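See below for the structure under consideration.
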Amino acid sequence: MPTLDWIGKDRVINHHMDVPYRVLNHVYSYDLSGRHSEDNGSGNKIIHGDNLEALKSLLPEYAGKIKCIYIDPPYNTGNESWVYNDNVNDPKIKKWLGEVVGKEGEDLSRHDKWLCMMYPRLRLLHKLLAKDGAIFISIDDNELYSLKMVCDEIFGSNCFVADVSWQRTYSTRNDSKGIVREVEHILVYSGQPGWNPEKLPRTEEMNSKYKNPDHDIAMWRSDNAYAPGAATHQGMVYAIQHPFTGEMLYPSNGSCWRYQQDTMLEIMCGWCDYELKELDDAERRAAICGVAETEIRQGVQAIVLSEPLEISSAKAKAVYEKGPWPRFFFSKGGKGGIARKTYLESVGGKPPTNYWSYGEVGHTDEAAKTLRAIFNGRAAFDTPKPYRLVEHILQIATDENSIILDSFAGSGTTAHAVLNRNRADGGNRRFILIEMEDYADSITAERVKRVIHGYGEGKNAVEGTGGDFCFYELGERLMLENGALNPDMDIHNIRNYIWYLETKKSLPDTGQDDNKYLLAVDGDVAYYFCYEKDTVTTLDRNFLRTIRTMAEGYIIYADQCAVSDKELQKHNITFKKIPRDIVRL
């Protein structure tokens, strides 16, 4: 598979593994009763901090669990006048490039810098994405093709779902130069090949195509009576005699009747009496199947009228006038070919396409007006996305209990969309927003607060969605720069980290009768983390006597080991030294 190369790639390709693991410090909780310091246990999180480190902090709890990721990263247009700098000359990014890429980072083009910034973040997002999930990435023409190649490399080209064109504007300026950019892009990748989106609600326009001219039990529309695959379904290629004209009707070339012959015979008998009869039509059937006459299946009979045409026609006419007609009917007032009914109740919702019009999902001007309404006329953010755009994504990529992640949270549109969607269908979707800029509280979280309570006045008032969230800051590093465990780190966070390192899962509640150092059992292996902040721990025979959990193998972390290799091998124990054997995520 072709891959993209750029200056600095070799420095960032595995950088996600060197990112320090930090815990999240709870700052405050928010719900309908307002702000308070106690943790309200909300599954909704707004995190202020470097999104690279914040993504790393989510791994122990959320790896492989995020059903839907939506990100709107910098487009790298070179515009640095916005509140959210759309350029990787942002001082924080420049500092990061200097530390990670090195001095040569000063000489990189803005495209090299942008790719260096995005690559490790996408690697961590890939780890967080559920197998049955999907990631949606907004981008414009500046970096579209570079992003596509990087995502092919990280998520897999076989997990590419679509390049969606979003009609971002409802009007174009007359003084625009060149070809006007009316759409932006949303690249979609899935957690594994074969992902299928949910259907969208049907529209009145779509339903208007369904009629009921024959007084059937449900609304229906005309559909094709044929299916592809004549050559491999030769037993379903035969003639059906027309009850009004007597003509022998065959499927079109390359096609066969949609149902097996016994089913088709039963359906046609709803018009008048039919029977099976040999027609000696091998040459005609072979032509339809695209095979030589010597290769056509023998003994395939036709469905023909069992009474004279006049009698059959009279019976069929009575059915046509009275109704309802059988599932396969004759078009053009009974004089045309065979068509099939497709019932409205059986077709389900509307399949999403790769073109999203502003009428369907909103446009940039709508997004700006919404934000001004929320912030009492103030333009708090220059480049928001319409919440209807994200709601559209939620409709096709989430269920009522999904976790949604946005690691370039900006003005908080994703949280707004999640709260709206939950209010509409009673769902329990949870959002995780990450914003590195200082407005994470004053804009991102503030918008969510106002959406929860409602905003606007008079006829423009918007009712609150309800809901809650917790606001976090990035906390201390788990591993100090000298390689030691941070003594100020909460032991629960350390245990979660160790368990995720070993199993790539979230630490469960064991509820087992064992010593306090047991983490849990996974795959017939019991894991122990024998650690005390102020005391050296030793794996010795006294410790082994405290183990009550029966397992095929044991992995035990401790500061030192006083058990011989022979005895460790005898009990199938793997010793790991703290902190030497604690690897980085």
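The values are calculated or read from the model by the stated rules, or taken from the named source; none is laboratory data. The shown structure was predicted, so the numbers you read here are calculated from the model rather than taken from an experiment. Note: ideal-geometry Cβ built from the backbone for every residue, glycine included; neighbour counts use all protein chains shown. Heads up: the accessible areas ignore ligands, DNA and RNA and are worked out on the full protein's heavy atoms, side chains in. Shrake-Rupley method; radii C 1.70, N 1.55, O 1.52, S 1.80 Å.
General remarks:
- Label-point separation in nm, Asp509 to Ala424, each point 7 Å along Cα→Cβ: 3.5 nm
- For the pair region 279-356 and region 110-187, the centres of their Cα atoms are 46 angstrom apart.
- Violating pairs (Cα-Cα greater than 23 angstrom) within the set Lys56/Lys131; Lys505/Lys533; Lys9/Lys148; Lys67/Lys148; Lys45/Lys577; Lys369/Lys449: Lys505/Lys533; Lys45/Lys577
- Diffusion coefficient, µm² s⁻¹, Stokes-Einstein with Kirkwood Rh over alpha-carbon pairs of region 1-41 at 25 °C and 0.890 mPa s: 169 µm²/s
- Whichever lysines have a C-alpha closer than 29 Å to that of Lys317, once near sequence neighbours (fewer than 8 apart) are set aside: Lys209, Lys211, Lys277, Lys332, Lys335, Lys341
- CD proxy at 222 nm, helix term only [per DSSP H run n ≥ 4: -39500 (n - 2.57); per residue of the chain; nearest 500]: -8000 deg cm²/dmol
- Size of charge dipole - region 423-463 - debye, nearest 20, with Cβ of Lys, Arg +1 and Asp, Glu -1, no other charges: 280 debye
- Accessible surface, per residue, of the chain when the full set of protein chains is kept, probe 1.4 Å, Å²: 47 Å²
- In region 432-527, the GluC sites (Glu not before Pro) that fall in loop regions by DSSP, at most 10 other Cβ within 10 Å: Glu457, Glu481
- The chain - percent of accessible surface contributed by carbon and sulfur, probe 1.4 Å: 46 percent
- Angle of helix 364-374 to the longest C-alpha principal axis of the chain, folded into 0 to 90 degrees and rounded to 10: 50°.
- Dipole magnitude for the chain: about 460 debye, using +1 per Lys or Arg Cβ and -1 per Asp or Glu Cβ, origin at the Cα centre.
- Label-reachable residues, region 107-133, where backbone N falls under 20 Å from a point 7 Å from Asn14's Cα toward its Cβ: 116-128
- The string of couplings for region 59-74 from the Karplus curve (6.51, -1.76, 1.60, θ = phi - 60°) is 4, x, 9, 10, 4, x, 10, 7, 6, 9, 10, 10, 10, 10, x, x Hz, one whole number per residue in order, with x for Gly and Pro.
- To the nearest ten degrees, helix 387-397 and the longest principal axis of the Cα atoms of the chain are 70 degrees apart.
- Computed with the Debye formula from one identical point scatterer per Cα of the chain, without solvent, the log10 of I(q)/I(0) at q = 0.07 Å⁻¹ comes to -0.63.
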